[in-house]
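Quick one: this structure, given as structure tokens, is what I'll be asking you about.
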Amino acid sequence: MADGLPDPPCGLLTADAARSLVDSVDAFLFDCDGVIWKGDRLIEGVRETMELLRKMGKKIVFVTNNSRKSRRQYSKKFRSLGLEVTEEEIFTSSFAAAMFMKLNNFPPEKKVYVVGEDGILEELKLAGFECFGGPEDGKKNIILEADFHFEHDKSVGAVVVGLDQHFNYYKMQYARTCISENPGCLFIATNRDPTGHMTSAQEWPGAGTMVAAVSCSVQKEPIVVGKPSSFLMDFLLKSFNLETSRMCMVGDRLDTDILFGQSTGCKTLLVLSGCTTLPELQDASNSIHPDVYTNSVYDLVGLLQK
């Protein structure tokens with residue numbers, strides 16, 4: 001019992017547990033925000049942890065719900081923080097949205113409207129889709145005058161909603177109109193995270209807030225392609241010759257990272273360096289419990305060297 005709270009039905013990572021975990025898996029899947037970095041600041045010990053795991057022959061993959069950047073842009077961010085990570089080792093929810101549409105044969109003559117940022121636009125274009133919206137529409141305003149009719153592109157066949165720091169009423173109405181008035185228009189969400197560590201100082205509203213606004217306006221639930229949806233894992237397994245039972249998902253969110261790992265058959269490690277606190281993990285109302293938990297990924301280095 002810690003601080004008067006009952007111990008959670010999962011174990012604190014110990015030296016023996018760390019060795020057992022590492023010996024039992026071939027790959028580690030890492031979330032990014034709150035696990036690898038907070039904003040543009042690398043969390044202490046991440047570089048040493050990655051070096052040790054790679055030295056031990058472990059495959060490392062980064063699986064993030066943050067759709068603001070493309071895989072190319074994330075690879076550049078990793079390098080700026082002193083980590084060499086290839087695009088092939090990065091799976092983002094923006095990439096997942098593009099791959100979902102490609103694998104489901106989205107009609108090439110249809111367009112995609114994006115409530116989100118450059119990461120979604122870039123991944124959709126790389127997949128061969130015509131898309132618009134994004135940051136550019138953050139500059140547009142609506143004046144609600146008598147008899148005003150909002151015009152939209154009737155060839156839009158999908159609306160993709162992700163994290164958008166330029167979210168406004170114009171975008172919400174464009175998304176609502178396309179989904180409601182264009183026959184068969186898909187409503188795709190990169191993820192439903194309520195918050196995220198967009199800066200190193202504090203948490204900020206996540207993509208889930210934008211998704212909720214659009215969902216409420218159309219009275220319809222979206223297709224979610226990011227964690228905890230299994231779609232990302234299905235695509236990851238097609239890219240690497242790995243078994244989920246030989247993977248460990250490392251994340252800071254119970255309802256996305258840990259649930260994603262559990263629902264796909266991975267081992268799970270929760271780190272308390274991001275969104276989830278120990279009291280939240282131990283709360284009697286919490287029903288999602290990782291296999292083990294620890295303060296940060298850097299703990300692996302110290303424990304494995306004992």
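When you scan region 286-306, how many residues do you find that are surrounded by fewer than 18 Cβ atoms within 10 Å (Cβ to Cβ) and among the hydroxyl-bearing types (S, T, Y)?
Number of matching residues: 1.
Of all residues being at pLDDT below 95, touching a strand residue (DSSP E or B) at 6+ places or on another chain (Cβ under 7 Å) and open to solvent by less than 10 Å² (accessible area, probe 1.4 Å) in region 228-259, which is nearest to T64 (Cα to Cα)? Just the residue, please.
Only one residue fits best here, namely L232.
Which of the residues belonging to region 276-291 are within 16 Å of L259 (Cβ to Cβ) and aliphatic (A, V, I, L, M)?
Hits for region 276-291 are L281, I288.
Just give me the residues in region 260-285 being over 27 Å from R41 (Cβ atoms), open to solvent by less than 30 Å² (accessible area, probe 1.4 Å) and among the polar types (S, T, N, Q), in sequence order. Steps first, please.
The initial filter retains those residues of region 260-285 that are over 27 Å from R41 (Cβ atoms), namely 262-267, 282-285.
Now drop any that are not open to solvent by less than 30 Å² (accessible area, probe 1.4 Å), which leaves 264, 266, 282.
Within region 260-285, T264, Q282 meet the criteria.
So, one more: Among the residues of region 127-145, how many are farther than 16 Å from K111 by Cβ and either open to solvent by 60 Å² or more (accessible area, probe 1.4 Å) or in a loop (DSSP other than H, G, I, E, B) (or both)?
Residues of region 127-145 farther than 16 Å from K111 by Cβ: 135, 138-145.
This time we only want the ones that are either open to solvent by 60 Å² or more (accessible area, probe 1.4 Å) or in a loop (DSSP other than H, G, I, E, B) (or both), so: 139-145.
Count: 7.
Is region 166-180 home to any residue that is modelled with pLDDT under 95 and either charged (D, E, K, R) or not in a loop (DSSP other than H, G, I, E, B) (or both)?
no
Using beta carbons and a limit of 7 Å, which pairs, at least six apart or on different chains, have the first residue in region 203-219 and open to solvent by 10 Å² or more (accessible area, probe 1.4 Å) and the second one among the aromatic types (F, W, Y)?
Once the first residue is open to solvent by 10 Å² or more (accessible area, probe 1.4 Å) and sits in region 203-219, its partners that are among the aromatic types (F, W, Y) give M210/F167; V218/F187.
Now, a different point. Condition first: touching a strand residue (DSSP E or B) at 6+ places or on another chain (Cβ under 6 Å) and surrounded by fewer than 16 Cβ atoms within 10 Å (Cβ to Cβ). Now tell me which residues in region 154-189 satisfy that.
S155
Within region 62-99, how many residues turn out to be out of contact with any strand residue (DSSP E or B) (no Cβ under 7 Å at 6 or more places or on another chain), part of a helix (DSSP H, G or I) and open to solvent by 10 Å² or more (accessible area, probe 1.4 Å)?
Qualifying residue count for the region: 10.
The values are calculated or read from the model by the stated rules, or taken from the named source; none is laboratory data. Since this is a predicted model, take the numbers as computed values, not measurements. Positions of Cβ are backbone-derived with ideal geometry, glycine not excepted, and every protein chain shown enters the neighbour counts. All accessible areas refer to the heavy atoms of the entire protein, side chains included, with ligands and DNA or RNA removed. Shrake-Rupley method; radii C 1.70, N 1.55, O 1.52, S 1.80 Å.
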